[in-house]
Structures are given as C-alpha cells and as structure tokens.
Amino acid sequence: LAASQIASVGQRSETIRRSNLSAIVRELHAHGPLSRSELVARTGLTRSAVRGLIGELSVGGLATERSGAPLGGPGRPSVLVAANPAGAEVLAIEIAVDSLAAAIVGLGGQVARLVRVERPRGHLAVDDLVHDVRELAGQVGNPWDQSDRLLGIGVAVVGMVRRSDGFVPLAPNLGWHDVPLGEAIAGALGTAAPVAVANEADLGALAELRRGAAVGERDLLYISGEVGVGGGLFVGGRPLTGAAGFAGEVGHMPVNPDGAMCGCGSRGCWETEIGERALLQRAGRPIDGGREAVESILAAAAQQDAVSLTALNETGRWLGRGLAGLVNALNPRMIVLGGLFGRVYFFVAPTIKEQLDRFALPAAREVVRLAPAALGVNAPLLGAAELALEPVLADPAAWLSRTPQRMLASA
Ligand SMILES: [Zn+2]
C-alpha cells in the first residue's frame, strides 16, 4: 500500500471508531443503564467492539460499569453500563414568560440541581436578565469554575432565535427586538464554554421526544401555549428548524382576518384565538389576569361551571381546527400538547378530535395520535440541557481526547 492509502485507511477506521462511540453514548444517554448484550443488540456492533468502546468511555469518565442483579436464578450477575452524569455536565437556562430557571444536568439526563424563580410578566431588560442569570447560575453551583467538566450552556427562550449565534430578532412577551442573547449570556457568565440558544417550544419538543410523551417517535408536532403559542417540529427524527432556526412559529399562522391584534404586530394570528388571553376573555375574566385567573377557570370547569366549560370548548375548537391544518401540511405521527393546551385537552379532548376529524385529510388524520405533554413546566429547560449535551453525544471522542491534558494539568 502507498503511504497515502494507509493514511486513508487509518482515517476511515478513526471515523468509524468515532461514530461507534457516539452510537454507544447516545444509547446510554437515552436508555441507560444497559447490559453489554443490550448494547450489542441496539447498536448492531460486535460484542468485542462494544467491550472496547465501553472501556474507552470508562477510562475517559463518560461511562461506568457496575454489577446488576442476577437475572433469574443462578449464574453470574449481568454487568450494567451507565452514562456517568458527572463525566460531562451542562448548564441549562430557561427564560419563560412567568419565570426564570437554571439547572445543572449531567450526561444521561440526570438533573443535579434545579432552581426556578417567578418573575413578573412583561418587559425584561437585558441588563436585568444578565444579572438574574448570573445569580441563578450561582445558585445551582458556579459551574463555570469547574470548566473541565462543563460542556456548555443551553438556553431556552420564549422568542424567535437564530440558531447560529443565539440572536433573538423578536420576543413579544419579553418586549425584545434584536437582542444578542447568546452573547449576553456568555458575557454574564464570563465563560468560554459554548452557548447554544433555541426557542422554548423547539426545546420542549426535543425533551418530550427524548424523555417524555413522545419517546420513540420520529414525526412529532409539539404545541405549547400560555400567553404566546409555540410549536416544535421533528420530521424523520430531525428537528425542523428552517433556514435560520425560525420554523415552528405556528402561533402566528393567520387564522382570523377579523381577529384581535397580536403581539407580533399582525392581526388574527392563531395565538389570538387559542392563547391565554382569548380564554380569559371568553370566560369573562380580565385578559391580563395571568396564571391565577387561568387556574380559576380550570378549577371552575372541574366543578362543571358552564361559562368556563364553554370558554374552554371554544379554545379547543380553534385549537383543533389549526391542528387540522398542521396535520395536513406536516403529516405528524404524534401531537403533544404542552403548557395550557395539555390542561385544556383534559376538558375538551372530544372537541379537539372532532375538529381534526372534520378538517384534516382522512389519510393524515388516521395516523396521528394526540397526548398531553409528560414533562410539565420543565420540558423546555430539560430540552436546553439536551441541546447543550449534543456535542458530546455527536462526538464523544473529541471530549475524551481532552481528558489526558486535564488529568495532567491537575496532577
Ligand atoms: Zn402574531
């Protein structure tokens, strides 16, 4: 063989090794702990390859092995392989309408620490946000002081996000236009660790897909609502981000030319019919009553209060009708309803389904099922952690190669 051919064979086997390491880490992250045999079955790799890869991951601190319970009767106990949460950690941050949250999450999705604080609705000055983020991050444990383990920072925000640099052109419910959020968070934390920012609903969808109501699904439509309405889409197992990351702004589909003014500056967006304010108005409450007023409608509906049930039903009708359009356009296998819609679903599921039956194309309608979100209020925060963990899932070898230097430096 010529020298160049040898080099190319070497490169190819290195590429294969990296992709095999990634396959193992993804399995452990999503489904662990697993036995070696389960890893063989799930990845299609040989037993000896799996053994070697686990060895590498264990030495590099990304996996651990321990004895499991003996499987039915005599014989050796099986060895279980697990992701090591302390081996790679991320800081997740969520900027929601009503609250701010931060968490430290390790490989395998284990939440080490989580803090959520309420915040008043309305405009959020970026300087105040920077201050609050620094304080919250401090409360979950100054992670940037241990930057050898901090893989990165993931941020979920209620607004449009340009994925490449975390720039937010518009976040109506925060009063933001053109905010360089990724840069602001990196500055606030004084870290060189990468900051990945994405829309809250996109990350809610990711979390529900990995750990919630949609595990195992590949074609998911996630719709979440409070004051605003967000959508997150997965097609063939991949997030549908659009050219710049703005896809999924389903709340701003124009549905009613005679509708109310929307926070985006347009009129009659879907959000003006299915968002919190429309529900409050239909139930005869002040439209800025916030979460407390919504809770009181839901409580009254549980007591069969007719006005509340009628208001919820009207929201369900608009919700189902819009979903029918999305089912026709996107042909999802599953629709997960988060936030307010998960609660509305509980009361008016038949109305939503009846609208789907009526307005969705039968062939597309037949294959879609609906479910409320499983992860509750923390879905976007957990999705932000998944986003920040993605580099170590995609290429754990790059992370492992940093280990020797770190060990030498601290020796
Ligand atoms: Zn709008």
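The values are calculated or read from the model by the stated rules, or taken from the named source; none is laboratory data. The structure presented is a predicted model; accordingly, all values stated were derived computationally and were not measured. We place every Cβ from the backbone using ideal geometry, glycine too, and count neighbours over all the protein chains shown.
A few comments on the model shown:
- Among all residues of the range 180-199, there is at least one that is within 16 Å of the ligand (Cβ to nearest atom) and within 18 Å of E390 (Cα to Cα).
- Entry remark, the range 159-169: residues being of a type outside the set (G, A, S), under 20 Å from the mean Cα position of the chain (by Cα) and within 15 Å of the ligand (Cβ to nearest atom) number 1 in total.
- Options A283, A324, A278: the member that is of a type in the set (G, A, S), crowded, with 22+ Cβ neighbours inside 10 Å and touching a residue at least 24 places away in the same chain (Cβ under 8 Å): A283
- Taking the range 252-276 as the range and being in contact with a Leu (Cβ under 8 Å, 6 or more places away or on another chain) and either within 8 Å of the ligand (Cβ to nearest atom) or β-branched (V, I, T) (or both) as the test, the residues that pass are C264, I274.
- Residue list for the range 216-237, restricted to those being of a type outside the set (D, E, K, R), part of a loop (DSSP other than H, G, I, E, B) and touching a residue at least 24 places away in the same chain (Cβ under 8 Å): V227, G228
- Between V377, V327, V307, V344, the distinction of being part of a helix (DSSP H, G or I), at pLDDT below 95, aliphatic (A, V, I, L, M) and touching a helix residue (DSSP H, G or I) at 6+ places or on another chain (Cβ under 8 Å) belongs to V344 only.
- Residue list for the range 107-124, restricted to those being modelled with pLDDT of 90 or more and either of a type in the set (V, I, T) or within 22 Å of E183 (Cα to Cα) (or both): V111, V115, V117
- Just one of (1) surrounded by fewer than 18 Cβ atoms within 10 Å (Cβ to Cβ); (2) part of a strand (DSSP E or B) fails for A156. It is (1).
- Residue that is surrounded by the most Cβ atoms within 10 Å (Cβ to Cβ) [pool: residues in the range 205-230 that are within 16 Å of the ligand (Cβ to nearest atom) and of a type in the set (A, V, I, L, M, F, W, C)]: I223
- Some residue of the range 314-322 being at pLDDT 95 or above and hydrophobic (A, V, I, L, M, F, W, C): yes
- Matching residues, the range 105-122, being part of a strand (DSSP E or B) and crowded, with 24+ Cβ neighbours inside 10 Å: V105
- Subset of the range 231-251 [within 12 Å of the ligand (Cβ to nearest atom) and either small (G, A, S) or in contact with a Lys or Arg (Cβ under 8 Å, 6 or more places away or on another chain) (or both)]: G251
- Within the range 58-87, considering residues that are at pLDDT 90 or above and among the aliphatic types (A, V, I, L, M), the one surrounded by the most Cβ atoms within 10 Å (Cβ to Cβ): A83
- Applying the set (1) under 28 Å from the mean Cα position of the chain (by Cα); (2) away from the ligand (no atom under 13 Å from the Cβ); (3) part of a loop (DSSP other than H, G, I, E, B) to I335 leaves exactly one unmet item: (3).
- When S22, S35 are screened for being of a type in the set (S, T, N, Q) and more than 25 Å from the chain's Cα centre (by Cα), only S35 passes.
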